[in-house]
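Heads up: the structure comes next, in structure tokens.
Since every read-out is calculated from the coordinates, none of them should be taken as a lab result. The structure displayed is predicted, hence computed values, not measured ones. Cβ placement follows ideal geometry from the backbone for every residue including glycine, while neighbour counts extend to all protein chains displayed.
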Amino acid sequence: MRRPPGRGITDLVERLLTVAEVYAPVERDQSVVFDRIESAREAAIDRGPAALSPKNLVFPRCEMLLSSSTRGDESGRAPDPGPGGPRVLFGVRPCDARAIALLDRILGGGEKTDSYYIRRRESLVVISIGCTESLETCFCETTGGGPRSTEGSDILLEDLGDRCEASIITEKGVWLAGQIGLEHDPAGARTPRGPAPPAGPAADLAELKKRLDRSFEDQCWRDIALKCIGCGVCTFLCPACHCFDVIDEETAGVRVRSRIWDSCQFPAFTEQASGYNPRPSAAERFRQRVMHKFSYCIERYGMPGCVGCGRCVSRCPVNLDIRTVTASFLGDGGEP
Ligand code: SF4
Ligand code: SF4
């Protein structure tokens with residue numbers, strides 16, 4: 001049974017609320033999601049991993065890019081200017097923080113910097129809490145992370161009940177710690193207390209990538225994807241998926257261009273104007289999802305596009321388990 005967050009955690013949240021907007025796991029409609037809180041009491045830190053990752057905070061499900069009016073007046077809506085002051089994302093699990101590190105590499109760096117992402121990301125300080133227990137569906141270590149991974153976190157906390165220990169990871173973390181008088185515990189930073197919960201063995205990601213690359217034309221994809229109903233749940237829940245569509249709408253003379261999350265599991269995702277679709281069946285679409293995560297992301301960004309949060313494992317309506325699929329390519333049994 002999960003224990004409620006210790007006094008140390010709730011004290012810390014109260015202090016954070018005096019210097020920044022705070023977003024934390026909260027209960028909404030019987031699910032745990034990330035939302036803005038006004039008091040530490042609202043934070044549902046002890047309810048286990050959130051059903052939805054905090055990705056929406058830096059990469060919203062629907063975001064207006066621009067707007068104009070055909071009426072010759074100023075009735076076009078101004079785009080959201082983004083957050084005004086510092087925002088703290090509190091109580092993130094290390095896997096979800098690691099997904100933000102991946103999004104930083106994809107949308108926040110290199111030649112293709114995404115200004116909409118950057119303006120939300122710059123003001124965000126990420127405080128994660130190390131996991132003390134794992135679910136049957138967790139497999140962060142298999143993807144190169146771990147229950148106390150610091151990647152993507154500005155501060156990593158360990159809840160010790162009456163107090164918490166903080167590992168301050170980045171300059172942003174140092175700044176925030178200074179604002180609230182949080183002391184860095186160098187021992188806590190380097191020497192986690194007690195054993196980390198099991199979260200699956202570390203897989204040989206380089207070997208997995210090699211085997212996937214060799215299997216691109218393999219018939220096994222047809223067999224694997226037979227069960228997939230193309231609902232897209234796996235991609236919409238994934239903290240690391242980042243594909244989007246851009247749509248134009250006009251209502252009463254006001255035109256709005258927005259971007260919305262999309263899913264590579266939908267048939268129309270790659271359909272071209274000519275009607276040609278390079279991924280016409282579930283086999284190509286499911287292969288794309290696995291290849292993107294365990295081959296292309298590693299090649300382009302130096303880390304997999306999966307952080308092992310387990311959401312797609314627990315929520316896929318037909319129990320198509322990405323762990324079983326990848327294990328099958330490593331010769332560890334599985335579906336093909
Ligand atoms: S959640 Fe399962 S059924 Fe739905 S698209 Fe993903 S793999 Fe296919
Ligand atoms: S692929 Fe599945 S397990 Fe991996 S990060 Fe996405 S939702 Fe989590």
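Where does the chain land at 222 nm, in deg cm²/dmol rounded to the nearest 500, when only DSSP H runs of n ≥ 4 count, each adding -39500 (n - 2.57), divided by all residues?
Calculated from helices alone, the mean residue ellipticity at 222 nm is -7500 deg cm²/dmol.
For the chain, modelled as a Gaussian network with Cα springs under 10 Å, which listed residue fluctuates most, 295, 215, 134?
Evaluated over the chain, the most mobile residue of the options is 215.
May I ask which of 227/293; 55/209; 55/210; 172/293 have a Cα-Cα span longer than 24 Å here?
Correct reply: 55/209; 55/210; 172/293.
Arranged by the count of other C-beta atoms within 10 angstrom, fewest first, what order do 140, 238, 243 take?
On the way: 140 28, 238 23, 243 13.
Going from least to most buried by this count: 243, 238, 140.
Over the chain, calculate the relative contact order: mean separation of alpha carbon pairs under 8 Å at least 6 apart, over the residue count, as a percent.
For the chain, the relative contact order is 19 percent.
Which three numbers, in whole Å and largest first, are the semi-axes of the equivalent ellipsoid of the stretch 12-148 derived from its Cα gyration tensor as √(5λ)?
With the √(5λ) rule applied to the stretch 12-148, the semi-axes are 30, 19, 14 Å.
Please build a GNM for the chain, connecting alpha carbons under 10 Å apart, and tell me which residue among 39, 314, 167 fluctuates the most.
39
Return a whole-number percent for the relative contact order of the stretch 240-335, with Cα pairs under 8 Å and 6 or more residues apart as the contact set.
Relative contact order of the stretch 240-335: 15 percent.
Using only the C-alpha atoms of the chain, find the volume of their convex hull and express it per residue in Å³.
164
Among 31, 53, 263, 115, which comes first, second and so on when ranked by fewest other beta-carbon atoms within 10 Å?
115, 31, 263, 53
If you build a Gaussian network model of the chain, linking Cα atoms that sit under 10 Å apart, which residue out of 244, 139, 90 swings the most?
244
Can you list which of the chymotrypsin sites (Phe, Trp or Tyr not before Pro) found in the stretch 292-321 are DSSP loop residues with at most 13 other C-beta atoms within 10 Å?
Values: sites: 294, 296, 301; in loops: none.
Sites meeting the loop and neighbour criteria: none at all.
Please go through the stretch 88-140 and write out the trypsin sites (Lys or Arg not before Pro) that DSSP classes as loop and that have at most 14 other C-beta atoms within 10 Å. Display every interim value, and only then the final one.
On the way: sites: 98, 105, 112, 119, 120, 121; in loops: 112.
When the trypsin sites (Lys or Arg not before Pro) of the stretch 88-140 are filtered for loop state and at most 14 Cβ neighbours within 10 Å, 112 remain.
With just the Cα atoms defining each centre, how far is the stretch 15-62 from the stretch 110-174? Give it in Å.
14
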